[in-house]
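Nothing in this text is a laboratory measurement; each read-out follows from the coordinates by a stated rule. Just so it is clear, the model here is predicted, and its values are computed rather than measured. Cβ placement follows ideal geometry from the backbone for every residue including glycine, while neighbour counts extend to all protein chains displayed.
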Amino acid sequence: MEIQQDKGKTVAILSYITLIGLIIALVLHNDEKNKSELGAFHIRQALGIILTGLALTIAQFIFVFIPFLGWLINVAISISLVVLFVFWILGLISAINQEKKEVPFVGAFYQNLLKGIN
C-alpha cells in the first residue's frame, strides 16, 4: 500500500498554527517535494493574517496612551482583532479541506502583496 502525497495539505495547515508553524511550513515548502500551489496559497494567507494582527497590536499599544479618543480607537482595533481571528479560523478550515478560498475582504490583497512566495 502506497502513502498518498497530500499535495501541500500539511504545509497549508501548519502555516496557520502559530508563528513557529508558519516558519516550519515555509521551510517545508522550500523543499521541492513539498512545494505546491495549495501550500503557497495558505502560507500567503496565514502570513498576511499574522502581519495584520501584529500591526493592529502595535497600533493598539500606541493608542492606549491617548485619553478618550485613543481608547475609542482601541475598541475599534479590538473588534478588528476579533474579526481577524475569525478570518484565521476560516483560513484554517479552508486548508484542512484542501481548498484555496481567500479570507474575506483582505485575502486577495494578501495574495497580491505576498505573490513572491511561490
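Among the residues of region 64-118, those identified as touching a residue at least 24 places away in the same chain (Cβ under 8 Å), part of a loop (DSSP other than H, G, I, E, B) and not hydrophobic (A, V, I, L, M, F, W, C) are GLN98, LYS100, GLU102, LYS115, ASN118.
Could you list, in sequence order, the residues of region 14-28 that are surrounded by 23 or more Cβ atoms within 10 Å (Cβ to Cβ) and part of a helix (DSSP H, G or I)?
Here is the first cut: in region 14-28, the residues surrounded by 23 or more Cβ atoms within 10 Å (Cβ to Cβ) are 14-16, 25.
Residues satisfying the conditions are LEU14, ALA25.
Being assigned to a helix (DSSP H, G or I) and either surrounded by fewer than 17 Cβ atoms within 10 Å (Cβ to Cβ) or in contact (Cβ under 8 Å) with a residue 24 or more places away in the chain (or both) is a property that holds for PHE61.
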